[in-house]
Amino acid sequence: MLDPKTKQIVKQELSGENAKAYVQQITQYHRIQASTMFHEAAEYVKDALVKIGINNARIEQFPADGETKYWTHTAPIGWEAKSAELWLAEPEQKLLARYRDVPICLHAHSNATPPEGVTAQLIDVGPGTKPADYKAKKVKGKLVLATGRAKLVHEEAVYNRGAAGVITDTLTYEMKNFRESLDLPDAHAYQAIWPAREDLDKITFGFSITKRQGNYLRSLLSRKKKVILKAIVDARPFPSKLDIVTAKIKGETRPNQEIFLIAHLCHPEPSANDNASGSGLLIEIARTIQTLVQEGKISPPKRTIRFFWVPETYGTIAYLHKHEDSTQRLIAGINLDMVGQDQELCKSTLTLDKTPDSLPSYLNDFIVNLVEESTKHFDLQTTFGPATTFRHRVNPHTGGSDHHEFVDSTIGIPCVMLLQWPDLYYHTSQDTLDKVSAPMLKRIGWIATVAALTLAHADSEEAHAIAIQTYTRGASRLQTALREAIQILLESSNNPKSKIEPSKLAPLLAETADQCRSKIEHIAWRETQAIKSTKELASSPELGALIAQLASNMTA
């Protein structure tokens, strides 16, 4: 483990304000995957790395043409937008949305209108995602107002029925009693068409307006008024490239083993927390490690520390597909996705998304330990312990970001995600820089940097400590599961309200006991495999004996 002095050195060097400055720069780019502005953002990241002395930073490019396959995944199509406006033309004239002001208002992958624009009647189709939503409605050549996901609405309204375009006014990923469209009445939601290659000639355009604007248009329609909108769009889908920025701080003694940190660089302008926060923080982490090594304040890492900035999912899969033969270099990773939230403003909680049970790893408990330790370094200390409002939790693996591709059974590289979730402003125009907390960036940056340095330096001594840490936490989980199983069996056998005939009770109890036994056996296996995974870090007779003893204790 890193000694307290080194942890303090990392804390002193890593700057939350500097990380936020990187975040601010990234928010200025409209970073749709495989778009021209994503490429500009990638160039910014590469240049920032070179300025801090990481001269091996480079951009790798992969086809994004809507048809290239990376294993079973199809590459997205590229896109660029120059301008777009949506006007209410009748019964009054009013600007509803303009790309120059709010880039997220234009559905990603929209196509151009004729230079004079498209003027058409508006029809409310409800969700607009199913054929039933169009019953008795003639939408050909008209604009549809819908509350559904844009991709599905475009398929039903434009591809299948010849609508001129789509207008949406609802948040994506609503959460009941937490995040509904009326909670953010003036937010534009991130919506995209995501066309297949064979549908490129069918694409028209779409706009995301606010819920307040949508309700106003519906009020006009409810009064039987004829509502006419005018749209002018200069945009196009086109075969492009996926840009992946990669850089490394080379290990001194084990350069072919790599600890990696990854953040997705994509999403609309500004998308400050999702995920300019992870991308900007990752630059600051790289700067911190590079500076401390250059100044001799810490020793160079034994293993290589690699950094990735990717188009979410698409870029990660493309990279792993191309570099399949070299993935054995990757030992463990951390995915930084939406890490900068001001927790009170965004109503967020720092969440560790673990490796799945199919890939047990010491990495889960190792990161949990650092998250908990951060309260000692970043929160006010009292005689009763740390006084903190910092919220954190651990989740079983849920995926949804770039760590998911690494832990797939066909790849099998342990990778966890640090994520602030949920987020009130997620995928909206209101995910702005004022929602990003510099102190939070510093805290998460410290966790990730200490983790990367510890694993990059790890040898038998560190592996020994991590194995014991993994055993201690795993044994606690196993004990909890045993208590729960005993409680279930007691309640099943002593339930006075049970209406089950006595003759049928014994078989049901036996079945319940089998289910409990299977669960306990699975947990014991998972925890044992997590202990054994520390062998990735070092190899010695003493470590082997310790791991064997701990594994035996877990299943005793």
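The values are calculated or read from the model by the stated rules, or taken from the named source; none is laboratory data. This is a predicted model, so every value here is computed, not measured. A quick note on method: Cβ atoms are made from the backbone with ideal geometry, for glycine too, and the neighbour counts reach across all protein chains shown.
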Counted residues in segment 396-414 being exposed (fewer than 14 other Cβ atoms within 10 Å of the Cβ) and more than 16 Å from Ser533 (Cα to Cα) come to 2
For segment 521-543, which residues satisfy the criterion of being among the polar types (S, T, N, Q) and part of a loop (DSSP other than H, G, I, E, B)?
Ser539, Ser540
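Considering every residue within segment 362-373, establish whether at least one is touching a Gly at 6+ places or on another chain (Cβ under 6 Å), crowded, with 18+ Cβ neighbours inside 10 Å, aliphatic (A, V, I, L, M) and not in a loop (DSSP other than H, G, I, E, B).
So the first thing to find is which residues in segment 362-373 are touching a Gly at 6+ places or on another chain (Cβ under 6 Å), and the list is none.
The answer is no; no qualifying residue exists.
Checking the condition modelled with pLDDT under 95, surrounded by 16 or more Cβ atoms within 10 Å (Cβ to Cβ) and within 30 Å of Leu453 (Cβ to Cβ), which residue from Ala530, Ala475, Ala467, Ala538 passes?
Just a single option satisfies the conditions, and that option is Ala538.
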For segment 310-324, indicate whether the set of residues that are out of contact with any helix residue (DSSP H, G or I) (no Cβ under 9 Å at 6 or more places or on another chain) and among the basic types (Lys, Arg) is non-empty.
yes
Output the residues belonging to segment 44-70 that are surrounded by fewer than 17 Cβ atoms within 10 Å (Cβ to Cβ) and touching a helix residue (DSSP H, G or I) at 6+ places or on another chain (Cβ under 6 Å).
Gly53, Ile59, Glu67
Counting only residues in segment 391-427 that are assigned to a loop (DSSP other than H, G, I, E, B) and among the aromatic types (Phe, Trp, Tyr), the one farthest from Phe307 (Cα to Cα) is identified as Tyr425
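Regarding segment 85-105, can at least one residue be identified that is touching a Gly at 6+ places or on another chain (Cβ under 6 Å) and not in a helix (DSSP H, G or I)?
Residues of segment 85-105 touching a Gly at 6+ places or on another chain (Cβ under 6 Å): none.
There is no residue in segment 85-105 that is touching a Gly at 6+ places or on another chain (Cβ under 6 Å) and not in a helix (DSSP H, G or I).
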Of everything in segment 500-520, what is touching a helix residue (DSSP H, G or I) at 6+ places or on another chain (Cβ under 8 Å), among the hydroxyl-bearing types (Ser, Thr, Tyr) and modelled with pLDDT under 75? Give them in sequence order.
none
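When you look at Lys297, is it part of a loop (DSSP other than H, G, I, E, B), of a type in the set (Lys, Arg) and not assigned by TED's automatic domain parsing to the domain that holds Pro114, yes or no? Before the answer, list the steps.
Numbers: part of a loop (DSSP other than H, G, I, E, B): yes; of a type in the set (Lys, Arg): yes; not assigned by TED's automatic domain parsing to the domain that holds Pro114: yes.
Here the answer is yes, as Lys297 does meet what is asked.
Results for (1) farther than 17 Å from Asp234 by Cα; (2) surrounded by fewer than 23 Cβ atoms within 10 Å (Cβ to Cβ); (3) small (Gly, Ala, Ser); (4) in contact (Cβ under 8 Å) with a residue 60 or more places away in the chain, shown as yes or no for each residue.
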position	(1), (2), (3), (4)
Asp124	yes, yes, no, yes
Gly128	yes, no, yes, no
Pro131	yes, yes, no, no
Ala136	yes, yes, yes, no
Asp169	yes, no, no, no
Tyr173	yes, yes, no, yes
Leu182	yes, yes, no, no
His188	yes, no, no, yes
Can you tell which of Val436, Val450 is β-branched (Val, Ile, Thr), within 26 Å of Thr316 (Cα to Cα), under 26 Å from the mean Cα position of the chain (by Cα) and crowded, with 24+ Cβ neighbours inside 10 Å?
Val436
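Per-residue answers, yes or no, for (1) touching a residue at least 40 places away in the same chain (Cβ under 8 Å); (2) among the basic types (Lys, Arg); (3) in the same structural domain as Gln8 (by TED's automatic domain parsing):
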| residue | (1), (2), (3) |
| --- | --- |
| Ala451 | yes, no, yes |
| Tyr471 | yes, no, no |
| Gly474 | yes, no, no |
| Ala485 | no, no, no |
| Ala506 | no, no, no |
| Asp514 | no, no, no |
| Ala545 | no, no, no |
| Leu550 | yes, no, no |
Condition (residue is outside any helix (DSSP H, G or I), surrounded by 17 or more Cβ atoms within 10 Å (Cβ to Cβ), among the basic types (Lys, Arg) and in the same structural domain as Phe308 (by TED's automatic domain parsing)) applied to segment 20-33: is it met by at least one residue?
yes
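Collect the residues in segment 123-167 that are part of a helix (DSSP H, G or I), β-branched (Val, Ile, Thr) and over 29 Å from the mean Cα position of the chain (by Cα), keeping them in residue-number order. Spell out the reasoning first.
Just the residues of segment 123-167 that are part of a helix (DSSP H, G or I), to begin with: 131-134, 150-159.
Next cut, β-branched (Val, Ile, Thr) only: 153, 158.
Val158 - this is the single residue of segment 123-167 that is part of a helix (DSSP H, G or I), β-branched (Val, Ile, Thr) and over 29 Å from the mean Cα position of the chain (by Cα).
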